[in-house]
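All remarks here apply to the structure that follows.
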Amino acid sequence: DAGVIQSPRHEVTEMGQEVTLRCKPISGHDYLFWYRQTMMRGLELLIYFNNNVPIDDSGMPEDRFSAKMPNASFSTLKIQPSEPRDSAVYFCASTTGGEPPLAQYFGPGTRLLVL
Amino acid sequence: EDQVTQSPEALRLQEGESSSLNCSYTVSGLRGLFWYRQDPGKGPEFLFTLYSAGEEKEKERLKATLTKKESFLHITAPKPEDSATYLCAVRYNFNKFYFGSGTKLNVKP
């Protein structure tokens, strides 16, 4: 299996621009998570989906952030407009809801720099 | 309050000097505890799953153990390539996850 795939791996953009991060979960996994990681705050859960439906988006910082999962093999995290404080590494992870309970498996991350 | 606490925050060891990392948790309905390794610039890499108190898992120089309140990651005779940040996470209340803040391990030759 190819594992969780994220694109792009690096993104540099200017403040005010729209940024779209993409994720392909592991085939057969029905849970998908978006995280943000910074030195100051560690790993923060932004939102997670089950069977393509958003279950908990309480970690989404503000309305500038939105996430979608149009099908079982694709999800996007969009920031519009982007701000310098959004600079971080964004991870996507997936797992299953079956038994036994499995760990989350992470993608390589997207390193975002907003100038 | 649901919580996962890892200690120490950072650990410096000499090559060959064994030690342990701690992960304590206060959640109800634990379904699994997971250890990850994260190298700089990479995503967390899954290492072990522990499901019940008394369970142990081993891989090379690493051994993970679980009690009702905490888990330990024992590192025996570490090498410089074991340097990384080690994260623990719990899965509880059906499908909630909580990650600790990690222990940054530095093994010097």
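We did not get these values from a lab; they are worked out from the coordinates using the rules stated. All values derive from a computational prediction rather than experimental measurement. Reconstructed Cβ throughout: ideal geometry from the backbone, glycine too, with neighbour counts over all protein chains shown.
Give me a count of the residues in the stretch A:6-23 that are within 14 Å of chain B (Cβ to nearest Cβ) and crowded, with 18+ Cβ neighbours inside 10 Å.
Pass one, the stretch A:6-23, residues within 14 Å of chain B (Cβ to nearest Cβ): A:6-7, A:9-10, A:21, A:23.
Subset that is crowded, with 18+ Cβ neighbours inside 10 Å: A:6, A:21, A:23.
Residues that pass the stated criteria total 3.
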* Asked: Can you name the number of the only condition in (1) more than 30 Å from residue B:50 (Cβ to Cβ); (2) part of a strand (DSSP E or B); (3) more than 14 Å from chain B (Cβ to nearest Cβ) that residue A:75 fails?
  -> (1)
* Condition broken by residue A:30, with the remaining ones in (1) farther than 21 Å from residue B:86 by Cα; (2) touching a residue at least 12 places away in the same chain (Cβ under 8 Å); (3) more than 12 Å from every other protein chain (Cβ to nearest Cβ) satisfied -> (3)
* Structure fact -> Looking across the stretch A:78-113 at residues that are among the charged types (D, E, K, R) and within 12 Å of chain B (Cβ to nearest Cβ), the single one that is surrounded by the most Cβ atoms within 10 Å (Cβ to Cβ) is A:111
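Residue by residue, here is whether (1) away from chain A (no Cβ under 14 Å); (2) β-branched (Val, Ile, Thr); (3) buried (at least 18 other Cβ atoms within 10 Å of the Cβ) holds:
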{"position": "B:16", "(1), (2), (3)": "yes, no, no"}
{"position": "B:24", "(1), (2), (3)": "yes, no, no"}
{"position": "B:39", "(1), (2), (3)": "no, no, no"}
{"position": "B:49", "(1), (2), (3)": "no, yes, yes"}
* Every residue from the stretch B:51-91 that is within 14 Å of another protein chain (Cβ to nearest Cβ) and in contact with a helix residue (DSSP H, G or I) (Cβ under 9 Å, 6 or more places away or on another chain) -> none
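Conditions tested, residue by residue: (1) within 27 Å of residue B:4 (Cα to Cα); (2) outside any strand (DSSP E or B).
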position: A:21; (1), (2): no, no
position: A:27; (1), (2): no, yes
position: A:36; (1), (2): yes, no
position: A:68; (1), (2): no, no
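Scan the stretch B:92-106 for residues that are within 16 Å of residue A:101 (Cα to Cα) and either buried (at least 17 other Cβ atoms within 10 Å of the Cβ) or at the interface with chain A (Cβ under 9 Å from one of its Cβ atoms) (or both) and jot them down. Even if it seems obvious, please write down each step before you answer.
The first filter runs over the stretch B:92-106 and keeps only residues within 16 Å of residue A:101 (Cα to Cα), leaving B:92-99.
B:92, B:94, B:95, B:96, B:97, B:98, B:99, listed by residue number.
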* Looking at the stretch A:39-59, which of its residues are loosely packed, with under 11 Cβ neighbours inside 10 Å and more than 14 Å from residue A:71 (Cβ to Cβ)? -> A:39, A:40, A:41, A:58
